[in-house]
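What follows is a single structure, written as structure tokens, with notes after it.
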Amino acid sequence: MIAQYIYRHPRYFALIILCVFAVGLNSLSNIPRQEEPSISNFAGNITTFYPGATPDRVEALVTKPLEDELRKISELESLHSTSGTGVSFFSIRINSDLQSHELERVWAEVRDAMNDAAAQFPLGVGSPKFDNDRLRSFTTIVAIS
């Protein structure tokens, strides 16, 4: 019914199109844009190498102390560990409702916990490698010509 009324009155149709165009231009000019938008990372990985050690030995001497230290951080949402031959791997996820300044504090606490646990490691264990910078923004630019 409304479509028929607009079809019969082209002035209203032109007015609607003009309003949609004006609102679109206004929105486009007011939206902040960044070339590379900042994305908050709520996930990270810790990898520790213990060359030549069996998975049971890695679990007992590397994974367990590191996990005990990380569990003291209350903002952790999930913590998954895997022990393999010569390697210990942690996947960390922190609460996604934290502000950016709180995120940096929590990541600093994770690094401190890693250093505290590394002091308990036996000789031959490498220092834990922390990576929370895997999330990046990628966009596809499509041009119509």
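The values are calculated or read from the model by the stated rules, or taken from the named source; none is laboratory data. None of the values given here were measured: they were computed from a predicted structure. Cβ: placed from backbone, ideal geometry, glycine included. Neighbour counts: every protein chain shown. With ligands, DNA and RNA removed, areas are computed over all heavy atoms of the protein, side chains included. Shrake-Rupley method; radii C 1.70, N 1.55, O 1.52, S 1.80 Å.
What number of residues within segment 9-24 are surrounded by 11 or more Cβ atoms within 10 Å (Cβ to Cβ), assigned to a helix (DSSP H, G or I) and more than 45 Å from the chain's Cα centre (by Cα)?
Of the residues in that region, 3 qualify.
Restricting attention to segment 76-100, which residues are more than 21 Å from Asn115 (Cβ to Cβ) and among the aromatic types (Phe, Trp, Tyr)?
Within segment 76-100, no residue meets the criteria.
Being part of a loop (DSSP other than H, G, I, E, B) and open to solvent by less than 60 Å² (accessible area, probe 1.4 Å) is the filter here; which residues of segment 111-134 pass it?
Phe121, Pro122, Gly124, Val125, Gly126, Pro128, Asn132 - these are the residues of segment 111-134 that are part of a loop (DSSP other than H, G, I, E, B) and open to solvent by less than 60 Å² (accessible area, probe 1.4 Å).
Here's the yes/no breakdown for (1) touching a residue at least 12 places away in the same chain (Cβ under 8 Å); (2) out of contact with any Leu (no Cβ under 8 Å at 6 or more places or on another chain); (3) more than 27 Å from Phe130 (Cβ to Cβ):
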site	(1), (2), (3)
Cys19	no, yes, yes
Ser29	no, yes, yes
Ile46	yes, no, no
Leu76	yes, no, no
Leu98	yes, yes, no
Val106	yes, no, no
Val110	yes, no, no
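Across segment 53-75, what is the total count of residues that are open to solvent by 30 Å² or more (accessible area, probe 1.4 Å), of a type outside the set (Asp, Glu) and either modelled with pLDDT under 90 or closer than 16 Å to Ala117 by Cα (or both)?
The total comes to 7.
Considering only residues that are open to solvent by 30 Å² or more (accessible area, probe 1.4 Å) and assigned to a strand (DSSP E or B), which ones fall in segment 90-110?
Ser91, Arg93
Given (1) open to solvent by less than 50 Å² (accessible area, probe 1.4 Å); (2) within 22 Å of Ser40 (Cα to Cα); (3) at pLDDT 90 or above, where does Val87 come up short, assuming only one miss?
Only one criterion in (1) open to solvent by less than 50 Å² (accessible area, probe 1.4 Å); (2) within 22 Å of Ser40 (Cα to Cα); (3) at pLDDT 90 or above is unmet by Val87, namely (2).
Across segment 25-52, what is the number of residues that are open to solvent by less than 60 Å² (accessible area, probe 1.4 Å), modelled with pLDDT under 90 and not aliphatic (A, V, I, L, M)? Break it down into steps so the answer makes sense when it comes.
Of all residues in segment 25-52, those open to solvent by less than 60 Å² (accessible area, probe 1.4 Å) come to 27, 40-48, 50.
Narrowing the set further to residues that are modelled with pLDDT under 90 leaves 27, 40-44.
Okay, now just the ones that are also not aliphatic (A, V, I, L, M), so 27, 40-42, 44.
Going through segment 25-52 one residue at a time, the tally reaches 5.
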